[in-house]
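Asker: Starting off with a structure, shown below.
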Amino acid sequence: YEINLLELIKKRRARIGYSFKKDEIENSILHRVHSLFNRATGKWKEDVQLWLSHVAFCKQWNAKHQLSKVFSSMLAIHPNKPALWIMAAKWEMETRLSSESARHLFLRALRFHPECPKLYQEYFRMELMNAEKQRKEKKEFEQAKMDLGELNYSEEILNGEMARIIYRDAAQKIKGVEFHLAVLSIAKLFDFTQDLQKEILESLQTKYADDPLTWDYMARRELELGSLQATEHTTKQMKVSEMTQREERCCAVFEEAVIAVPTEDMWKCYITFCLERYSRKTNSEELKRKRLERTLSVFSKAQESSLLPEALYKQWLQLLLESNLFEKATEVAEAATKRFSHSVEMWQMRLQVLIQLKSDDVTQCFEEAIKHVKSKGTLPLWTFWVEWSEGTNSKEDTEALYQRSLRATTPAESVTMKEKYLDWTYRNGGYKKTKRVFTRLCENRPFSLDFFRKMIQIEKEQESCKILHLREYYERALREFGSTDSDLWLDYIKEELSHPQGKPENCGNIHWRAMKMLQGDLVEDFVSKYTLLQTGHL
């Protein structure tokens, strides 16, 4: 309320240009807001969002002195959250322009979190920002020919030596190539860090020579090196030629990498790079063709080495189909299912290729897939098979396939096939056949609630919808789900009330049964909904 009042006063003053007693009025409200926040954070110290609301309010009304106190109190209570330390240090550096305070906060934070990569990264960034700021100041003073006698600009700080010390300290405590790459990307934002970048790069190559991410960085670095300076005489052909050379240099590093580190992750980095370059827009057909050839070649080499990850086979096939290389796509799909014979996704992928090419081997491939994949995970294959059969084979063949799927899948997975079978039967065989199929399917558990609801919906769609049939379906459903679903009881009661042949006098008995059968909080939920139903609000 107080904050909204402040906003209204601010808007009104701006509208009418009235500033009488501004300090007295606004300051008293600000004081009350801060007091409320202090009481709230004192009572609910663990609520970080409450502290952050106070921080946001202080920033909005430029209450720097108060904000400093808030950060101090918040960090004393929540020293285990690195993000809060970073926020406080960033505010000291960027708003109060105090590098000393920011440095002090980072050093305190590192005592609590000596192995936190994010803290080291932000501390590293802060020192480089401070160095850049001092370099600009010194340059401006020199350009103005002012005396720098009293101002002491340390050459070590100006050259980023503080950041170098932070990096060296962090490198001893934090393992992993990701941290080095993150620090290197920060250093690259500043134009005076060439020596520092060189040191990080050398450390990266020495400590993590066998890590795919190191090789990936070294290869991609070739794209940035030796770029052609754009001039008036630079032709389109020259640009294409230069880009081709740079990409070939990248690939040369990757080729060396897959020999030095022959792993799936290394091939994945190489292929990802090729796919990224291929997806880039270009007006040069020659460059696009070279990128496609290179990408397909790398895919083939990875497959020959038996190091192509499962996830990348799908991208390879998409690329082949887009390029109208259907024969090769069939070969690759077959190779994928041989290598990952227990993978449902690989078989689905192969089947999609065969269906897209209108091959005669689809049924044979389905049979092969079912044979190789364990019965527990075959549901996606059976679903795919019956959906394909619905649009391709005769009704008799499709029905036989549905019946076979019910025998082949696990009891839990057969639930889905029962729903699909019932729906297909109604669409293709009519109501009477659907009723026979439903009765037959009810002989074997388990069932889903949707299975019964589907049959209830089918019955209600008939012109001569019989309440006896609806009662049968509801009773069957309640035997399975009556203790866990209150809505099912309510729907049963509504049916008795709304159906022309229904008996409202049965509702009391249904209500009594529901109260006896429902478990836990469902009883209360049922009673409240039943009350609404009686009053006509449901």
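The values are calculated or read from the model by the stated rules, or taken from the named source; none is laboratory data. Note that the structure is a prediction, hence the values are computed from the model and not measured. So basically every Cβ, Gly included, is an ideal-geometry build from the backbone, and we count neighbours across all protein chains shown. Just the protein is used for accessible areas: all its heavy atoms, side chains included, with ligands, DNA and RNA removed. Shrake-Rupley method; radii C 1.70, N 1.55, O 1.52, S 1.80 Å.
Asker: Heavy-atom accessible area per residue, the stretch 447-537, 1.4 Å probe: how many Å²?
Answerer: Here the residues of the stretch 447-537 average 55 Å² of exposed surface.
Asker: Same structure, new question: State, as an integer percentage, the relative contact order of the stretch 447-537 based on alpha-carbon contacts under 8 Å between residues 6 or more apart.
Answerer: 25
Asker: State, as an integer percentage, the relative contact order of the stretch 261-314 based on alpha-carbon contacts under 8 Å between residues 6 or more apart.
Answerer: Normalised by residue count, the contact order of the stretch 261-314 is 50 percent.
Asker: What figure in square angstrom, to the nearest 10, would you give for the accessible area of S464 with a 1.4 Å probe?
Answerer: S464 has an accessible surface of roughly 80 Å² with all protein chains in place.
Asker: Moving on. Quick one: divide the alpha-carbon radius of gyration of the stretch 447-537 by 2.2 N^0.38 Å and tell me what you get.
Answerer: Taking the Cα Rg and dividing by 2.2 N^0.38 Å, one obtains 1.05.
Asker: In the full protein assembly as shown, how much of I77 is accessible to a 1.4 Å probe, in Å² to the nearest 10?
Answerer: Roll a 1.4 Å probe over it and I77 shows about 70 Å².
Asker: Can you give me the relative contact order of the chain as a percent, contacts being Cα pairs under 8 Å and 6 or more apart?
Answerer: 5
Asker: Where the accessible area of the stretch 447-537 is counted over protein heavy atoms with a 1.4 Å probe, how much of it, in %, is carbon and sulfur?
Answerer: After summing per-atom areas, the C and S share lands at 49 percent.
Asker: For the stretch 36-178, treating each Cα as an identical point scatterer without solvent, what Debye log10 I(q)/I(0) comes out at q = 0.21 1/Å?
Answerer: -1.22
Asker: Order the following by accessible area, largest value first: L181, L8, L36. Probe radius 1.4 Å; ligands, DNA and RNA are ignored.
Answerer: Accessible-area ranking of L181, L8, L36, largest first: L8, L36, L181.
Asker: Run the 1.4 Å probe and let me know the accessible area of K59, rounded to the nearest 10 Å².
Answerer: About 100 Å², ignoring ligands and nucleic acids.
Asker: Which net charge results for the neighbourhood of W424, defined as the other residues with beta-carbon distances under 12 angstrom from its beta-carbon, given Lys and Arg at +1 and Asp and Glu at -1?
Answerer: +1
Asker: Quick one: dipole size for the stretch 316-421, taken about the Cα centre, charges +1 on Lys/Arg Cβ and -1 on Asp/Glu Cβ, in debye to the nearest 20.
Answerer: In total the dipole reaches around 420 debye.
Asker: With angles folded into 0 to 90 degrees, how steeply does helix 2-16 sit against the dominant principal axis of the chain? Use alpha carbons for both and round to 10.
Answerer: Helix 2-16 sits at roughly 70 degrees to that axis.
Asker: If you add up the charges near Y474, with Lys and Arg at +1 and Asp and Glu at -1, over every other residue whose beta carbon is less than 14 angstrom from its beta carbon, what do you get?
Answerer: +1
Asker: Out of (i) 1.17; (ii) 1.48; (iii) 1.03, which label holds the value of Cα Rg over 2.2 N^0.38 Å that was computed here?
Answerer: (ii)
Asker: In terms of solvent-accessible area of protein heavy atoms at a 1.4 angstrom probe, what is the ranking of M74, M218, M87, highest value first?
Answerer: If we order M74, M218, M87 from most to least accessible, we get M87, M218, M74.
Asker: How much accessible area per residue does the stretch 1-88 have, counting only protein heavy atoms and a probe of 1.4 Å, in square angstrom?
Answerer: Value for the stretch 1-88: 64 Å² per residue.
Asker: Nearest 20 debye, what's the magnitude of the dipole of the chain about its Cα centre given +1 on Lys and Arg Cβ and -1 on Asp and Glu Cβ?
Answerer: 1540
Asker: I'd like the carbon and sulfur percentage of the solvent accessible area for the stretch 184-332, probe radius 1.4 Å, heavy atoms only, ligands and nucleic acids excluded.
Answerer: Accessible surface attributable to carbon and sulfur in the stretch 184-332 totals 50 percent.
Asker: Restricting things to alpha carbons, tell me how big the stretch 406-452 is in terms of Rg and Dmax, in Å.
Answerer: Cα-based Rg and Dmax for the stretch 406-452 come out at 10.2, 28 Å.
Asker: Would you mind counting up the charge near H342? Only other residues with Cβ under 14 Å from its Cβ, with Lys and Arg at +1 and Asp and Glu at -1.
Answerer: Local net charge: +3.
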